[in-house]
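> This structure is in structure tokens; I'll ask about it shortly.
The values are calculated or read from the model by the stated rules, or taken from the named source; none is laboratory data. A quick note: this is a predicted structure, and the numbers were derived from the prediction, not measured. In this analysis, Cβ positions are derived from the backbone assuming ideal geometry, glycine residues included, and neighbour counts consider all displayed protein chains. For accessibility, only protein heavy atoms count, side chains too; no ligands or nucleic acids. Shrake-Rupley method; radii C 1.70, N 1.55, O 1.52, S 1.80 Å.
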Amino acid sequence: MTDRYFDHLGARFAQRIYDSPKGAIRLAVLQRDLQQWLPALLQAESPLRILDIGAGLGQISSWLAGLGHQLTVAEPSEAMLDAARERINASNPALPVRFMQAPLQDLAAQGERYDLVICHAVLEWLADPAQALQQLAALVQPAGALSLAFYNRDALIYKNLVKGQFKKLRKKPLSGQGTSGLTPQQPIDPRDAMHWIAAASLNCLATSGVRVFYDYMPEPFCSNSSLEDLIEYELRYSQHPAYQHLGRYLHWWLRPATTLD
């Protein structure tokens, strides 16, 4: 297994994810979470030094730059990095934004540390996610934080269960096949992720689920629901203890174990 990048899938991501209710819900939940969690890092209203790894088309980076923070945007795909640069520059950020075409491994080797590291929907596309957590931890300042979102293997199992796809659960690996699909090659078991986080000397201080019910809604209920209602109720239940673990993605707020909160 090798790391997967998205030089040829940017348009599909834009159409299937970013330009759909799935993307709008994901963005709304991630932004709400960060609005809740970021104040723990802010001191005297100074801008944070933020690294967005695997930034995709730059939605989160554009939003954070608009809040006045100092962004470094890293993305191994040239096509997606160009799209992120166009989006972010069009928003006229208050501070200059640094763009880097680089994978996580190259960033970790540089030895630079940040107040906040963003790593959303990256871990599940890597050959060695456990090692990636070690590299991510090395990029975080001792008093900083890591915003980690990953594709939830439990949610993929549950989706197959409610659809009655028992043959698929028995015979096929729960992963994307080939190089053209959008199902990750290595959905993450949350229990494995907790072990990797502990091994990287990180603590998980807050959690949230992304799309805790939308991905399970049958038609015609999906199409007949307004985006406003979908976002309202996804936000309402994304941190509920009974539902957040059903999120297609899990969003965790991680801080170095030495940090006193």
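> Show me, bin by bin at 5 Å from 0, the whole-percent P(r) of region 55-194 based on Cα pairs.
Histogramming region 55-194 at 5 Å steps yields 2, 9, 16, 19, 18, 14, 10, 7, 4, 1, 0 percent.
> Which translational diffusion coefficient, to the nearest whole µm²/s, is obtained for region 101-167 from the Stokes-Einstein equation, given a Kirkwood hydrodynamic radius over C-alpha pairs, 4 °C and 1.567 mPa s?
The diffusion coefficient I find is 95 µm²/s.
> Follow-up. Distance from a point 7 Å along Cα→Cβ of SER226 to each backbone N in region 17-61: keep the residues under 20 Å and list them by number.
20-29
> Restricting attention to the alpha-carbon atoms of the chain, what are Rg (one decimal) and Dmax (integer), both in Å?
Rg, Dmax (Cα atoms, Å): 17.8, 57.
> In the chain, what percentage of the DSSP-assigned beta bridges are antiparallel, given to the nearest 5?
Numbers: 14 of 33 bridges.
Of all bridge pairs located within the chain, approximately 40 percent are antiparallel.
> What is the distance, in nm, between label points placed 7 Å from the Cα along the Cα-to-Cβ direction at THR183 and at ASN89?
The two pseudo-label positions are separated by 3.9 nm.
> Within the chain, what is the number of lysine pairs with alpha carbons under 23 Å apart, leaving out pairs fewer than eight places apart on the same chain?
8
> Same structure again: Given a Förster distance of 35 angstrom, what is the FRET efficiency for MET217 paired with GLN110, based on the Cβ-Cβ distance and rounded to 0.05?
The formula returns an efficiency of 0.20 here.
> Helix-only estimate, please: 222 nm mean residue ellipticity of the chain, summing -39500 (n - 2.57) across DSSP H runs of length 4 or more and dividing by its residues, to the nearest 500.
Result for the chain, helices only: -11000 deg cm²/dmol.
> Okay, moving on. Which of the peptides 67-80, 196-209, 213-226, 123-136 is most tightly packed, and how do the rest follow, judged by the mean count of other Cβ atoms within 10 Å per residue?
Ranking the peptides 67-80, 196-209, 213-226, 123-136 by packing returns 67-80, 123-136, 196-209, 213-226.
> Using a Förster distance of 35 Å, how high is the FRET efficiency between ARG98 and SER175, based on the Cβ-Cβ distance and rounded to 0.05?
0.55
> Please give me the summed charge of the neighbours of ARG85: other residues whose Cβ is under 13 Å from its Cβ, Lys and Arg +1, Asp and Glu -1.
-3
> Accessible area per residue of the chain at 1.4 Å probe, in Å²?
48
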